[in-house]
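Each remark here refers to the structure printed beneath this line.
Nothing in this text is a laboratory measurement; each read-out follows from the coordinates by a stated rule. Computed from a predicted model, the values in this text were never measured in an experiment. Note: ideal-geometry Cβ built from the backbone for every residue, glycine included; neighbour counts use all protein chains shown.
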Amino acid sequence: MEEIGAFLKKREEEGCLRSLKEVSSRRNGRICIGAREYIDFSSNDYLGLSGHPALISKAKEALDRLGAGSSASRLLSGDLEVHHRLEEAVAGFKKTEAGLIFNSGYQANVGILSALYCKDDAIFSDRLNHASIVDGILLSRARMFRFHHNDPDHLEFILKKERARFKKALVITETVFSMDGDRSPLARLVDLKERYGCQIMVDEAHATGVYGPEGSGVVEEDGMSGRIDLIMGTFSKALGGFGAYLAASKDIIDYLVNRCRSFIYSTALPPSVTAANLAGLEIVREEPERRLRLLAAARYFRDALRHKGFEIRGSSQIVPLIVGDNHRTLEFSDALQKIGYWVPAIRPPTVPRGEARLRFSLTIYHDMEILKSLTEEIANVGFQAA
Ligand SMILES: *Cc1c(COP(=O)(O)O)cnc(C)c1O
């Protein structure tokens, strides 16, 4: 057990030790930790749907009618009507033949990739893809090639060299990157996957509910519906619920029902959660003003911080302010905490070394007034820390 102590000590010295923080309440974009209330910039509840009355009442109704748990996996007796209604809604939302729901985004990525690909195949993955994608590729035992972040030219360079040696090949990317807040060059990736005879999978965890005329994501926004083989996303972020989905052809979904271990060997999502997810999808369709307001606030905040001279990445509701050094990033985050803002310091291994950052996750609770005064506070704190 010596190595465990050594690990903890080293992480502490590097400013990379993480610990859990107990949140005692969470409402309308504010959280209480310890005895104090903070304006929360760490939440993925982008549209504020987790507290929406429609999600809560649908969840309660399902809870009262069907109980707290789903009692079994989908292939046994846990397969409820509400799961099927949600899967039909996902397919409609994403304009694919079929949909399948998973217990979390992590389980979806790990299960889908390991069921569909094997050691004879190649997976071409953006260097900044989420850990669940990396783990799915490892579990599949396919050969992994990582292309430079959002760089189709580099992808093509690797495809030219490697594609012919493998039977099946997949290109995989997030559509909005969780730590950089930028969007993938989807049209170019789709062009490459078509020219090199690959499949493509996208992870719309941070795009679902935020982008696209109907709010279904970047695939819709970029006019790529019908050209993506596997569209994965989550209910746990902008949709305000919990769990994940895959939208794909009926054959792929039928295959996964038979082969995907994270789907087969896990109890089905509870009815209350599933009903809330369904209500989340409906609200996203019916209330586009939520996402429009969110993206307008993000544009304002990003421009304001850049104007103050900070290095800000991306173009979405995720606004990363790059600091670089781990300890300085922690100090920056602590200083903001002292004046009432909860902004997480994101450090390696979540992001590459030397790229530690504050990650502002905007939600509809952050109005212009909050963002304006926060910008001033950040400028003060930032110049002090430098
Ligand atoms: C959050 C996230 C996941 C995991 O989803 P969970 O439902 O939280 O397990 C997967 N991929 C990306 C890109 C994510 O941001």
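Brief remarks on what is shown
- Within segment 1-53, tally of residues that are of a type in the set (A, V, I, L, M) and surrounded by fewer than 16 Cβ atoms within 10 Å (Cβ to Cβ): 8
- Those residues of segment 25-49 which are touching a Cys at 6+ places or on another chain (Cβ under 9 Å) and over 14 Å from ILE370 (Cβ atoms), in sequence order: SER25, ARG26
- Just one of (1) more than 20 Å from the chain's Cα centre (by Cα); (2) surrounded by 20 or more Cβ atoms within 10 Å (Cβ to Cβ) fails for LEU113. It is (1).
- Candidates are the residues of segment 229-246 that are surrounded by 24 or more Cβ atoms within 10 Å (Cβ to Cβ) and hydrophobic (A, V, I, L, M, F, W, C); the one that is nearest to the ligand (Cβ to nearest atom) is ALA244.
- Scope segment 216-261; condition of a type in the set (S, T, N, Q) and closer than 20 Å to LEU170 by Cα; matching residues: SER225, SER249
- Of the strands (runs of 3 or more DSSP E) that lie entirely inside segment 1-109, those containing 1 or more residues that are in contact (Cβ under 8 Å) with a residue 12 or more places away in the chain, of a type in the set (A, V, I, L, M, F, W, C) and closer than 26 Å to ASP254 by Cα span 98-102.
- Taking segment 116-129 as the range and being within 10 Å of the ligand (Cβ to nearest atom) and out of contact with any strand residue (DSSP E or B) (no Cβ under 7 Å at 6 or more places or on another chain) as the test, only LEU128 passes.
- Residue within segment 130-140 that is within 15 Å of the ligand (Cβ to nearest atom), closer than 18 Å to THR350 by Cβ and in a loop (DSSP other than H, G, I, E, B) present: yes
- Check on VAL202, within 15 Å of the ligand (Cβ to nearest atom), under 19 Å from the mean Cα position of the chain (by Cα) and closer than 21 Å to LEU113 by Cα: yes
- When we screen PHE310, PHE332 for residues that are assigned to a loop (DSSP other than H, G, I, E, B) and of a type in the set (A, V, I, L, M, F, W, C), the only hit is PHE310.
- So THR173, is it under 30 Å from ILE56 (Cα atoms) and not basic (Lys, Arg): no
- Filtered by the rule that a residue be under 29 Å from ALA59 (Cβ atoms), of a type in the set (Gly, Ala, Ser) and more than 19 Å from the chain's Cα centre (by Cα), segment 250-305 gives SER266, ALA268, SER272, ALA275, ALA279, ALA297.
- Check on ALA164, part of a helix (DSSP H, G or I) and over 22 Å from ASP121 (Cα atoms): no
- Pick from segment 167-199, criterion outside any strand (DSSP E or B) and β-branched (Val, Ile, Thr), ranking: nearest to the chain's Cα centre (by Cα): THR175
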